[in-house]
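Beneath this line is the structure, given in structure tokens, with notes to follow.
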Amino acid sequence: MTDPGQWFNQLPRFTRYWLTCTVVLSLLTRFDILPMNLVYLRRDAVLGHFQLWRCVTALFVYPLTSATGFHFLINCYFISRYIAQLEKDQFGRSPADYLYMLLIVAFLANVGGMLFNVFFLMDLLVVSTTYIWCQLNKDVIVNFWFGTRFKAVYLPWVLAIMELVFQGSIASLIGILIGHFYYFFKFQYPQELGGNAFLETPNLLKQYVPDVNGGFSGFGEPPASRAPQRPAPGNAVFGNTWGRGNQLGRN
């Protein structure tokens, strides 16, 4: 059996920070050390009273009760399993790209939360990031409850349907929309449709979190390009091709 401390230290850096903040802040609110009424997302408080810290705390705080504890553990499992694998395998050499992805998803989660009155953004953040992993590893077989097995591409939809049926919440559906927004503009639009790369990581972030030299990593399965090929300079026969990424991180 893996030592818990060793398992925790083996988690990728930003996923480890994410999981730590989620567990610590949720426990602090559970035991009333941190007042819940100061940390959840409130549109009037953010826009009317400029309580901007709520946009951060709402990403990590989850209202722990006897009824929600199991759901919280499921979210923590997804963070430590699929999202950690996303950071380690697909963004292993470019941590700044992973951090930039999290910042985009967090911003959109706040927008979606304020539009649809979602006070706690953990579900949005987890499902949207899991959606990105699933799109990059579409054919990976995942295990679910009661021994069911299916392709990863269906996992976010299963989660969203279950949450809608059992909890009456559309948080996971919003998370899927957020994840698809990032996946489309990061991969499909520039690679498949030949559009501009709008979500390139800023150089300032690259300087703060530099790329890792050595080893290798790559995206599981970014879409193949269907954009018109342009002739290479000085060569009227051969054009540039986008190709397909190496599929990594398979279980």
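The values are calculated or read from the model by the stated rules, or taken from the named source; none is laboratory data. All figures in this text were calculated on a predicted structure; none of them were measured in a lab. With ideal geometry, Cβ positions are generated from the backbone for all residues, glycine too; neighbour counts draw on all protein chains shown. These area figures cover heavy atoms from the full protein model, side chains too; ligands, DNA and RNA do not enter into them. Shrake-Rupley method; radii C 1.70, N 1.55, O 1.52, S 1.80 Å.
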| remark: Taking a ≥ b ≥ c as the square roots of the Cα gyration tensor eigenvalues, with a/c under 1.5 meaning rounded and otherwise prolate when a/b beats b/c or oblate if not, region 22-137 comes out oblate
| Rounded, prolate or oblate: which fits region 76-198 when a ≥ b ≥ c are the square roots of the eigenvalues of the alpha-carbon gyration tensor, with rounded for a/c under 1.5 and prolate only if a/b beats b/c? | oblate
| note | Residues of region 123-157 with backbone N under 19 Å of the label point set 7 Å from the Cα of Phe185 along Cα→Cβ are 124-133, 135-136
| Between region 1-60 and region 156-186, the alpha-carbon center distance in angstrom | 21 Å
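For a test of the definition: using alpha carbon positions, the gyration tensor, and the 1.5 limit on a/c, classify region 159-212 as rounded, prolate or oblate.
Oblate.
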| Under 5 Å, built H, 5+ apart or other chain: amide partners of Val212 | Ser94
| note | Of Leu102, Leu115, ordered by accessible area with the largest first and a 1.4 Å probe, the sequence is Leu115, Leu102
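With a 1.4 Å probe and every protein chain kept in, tell me what percent of the accessible surface of region 66-225 is carbon plus sulfur. Write out the running numbers ahead of the final one.
Details: 4800 of 7460 Å².
About 64 percent, which is the carbon plus sulfur part of the accessible surface.
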| query | Ignoring ligands, DNA and RNA, what accessible area per residue does region 140-212 give at 1.4 Å, in Å²? | reply | 59 Å²
| Average accessible area per residue (Å²) across region 1-133 - probe 1.4 Å, nucleic acids and ligands excluded | 48 Å²
